[in-house]
Amino acid sequence: MNEQWKMNPAVQNIDPKKIEIMELLVNQSRGKNMEDILPDLMAASSRLAEQGIAFTNEETGIIIDALSETMTVQERQRLEMVRNLIL
């Protein structure tokens, strides 16, 4: 499993609680289609919200980039449309 997203310099400044949830989300979502990933992303955001924390746009972008690594071209295109709506 590719962990290259963790090499992004921005990850070094992210709260460890967020990184833990990001890792869980990326690991659970690998190989899933986009329709199955969106509920996972929403659930992760809800878990953070319960702790009074939220993903920034940059953090959401890192997650989306990590998730798109294993997607087909068509799924990536659809994910980009979603990214444009939420970021």
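The values are calculated or read from the model by the stated rules, or taken from the named source; none is laboratory data. Note that this is a predicted model, so its numbers are computed, not measured. Cβ placement follows ideal geometry from the backbone for every residue including glycine, while neighbour counts extend to all protein chains displayed.
Here I21 fulfils each of the conditions (1) loosely packed, with under 15 Cβ neighbours inside 10 Å; (2) outside any loop (DSSP other than H, G, I, E, B); (3) aliphatic (A, V, I, L, M) apart from (1). With respect to the conditions (1) surrounded by 14 or more Cβ atoms within 10 Å (Cβ to Cβ); (2) modelled with pLDDT of 85 or more, R76 falls short on a single one, namely (2). Across region 44-64, the qualifying residues are those that are under 11 Å from the mean Cα position of the chain (by Cα) and of a type in the set (A, V, I, L, M), and the one among them that is modelled with the lowest pLDDT is A44. Taking every residue in region 55-73 that is under 13 Å from L25 (Cβ atoms) and pairing it with any residue that is surrounded by 13 or more Cβ atoms within 10 Å (Cβ to Cβ) and modelled with pLDDT of 85 or more, at least 6 positions away or on another chain, the pairs with Cβ-Cβ distances below 6 Å are I62/W5; I62/N8; I63/M22; A66/W5; A66/V26.
Note on region 31-60: among residues that are hydroxyl-bearing (S, T, Y) and out of contact with any Phe, Trp or Tyr (no Cβ under 9 Å at 6 or more places or on another chain), the one that is nearest to M71 (Cα to Cα) is T60.
Of everything listed in (1) modelled with pLDDT under 85; (2) out of contact with any Ser or Thr (no Cβ under 6 Å at 6 or more places or on another chain); (3) part of a helix (DSSP H, G or I), the single unmet condition for L67 is (2).
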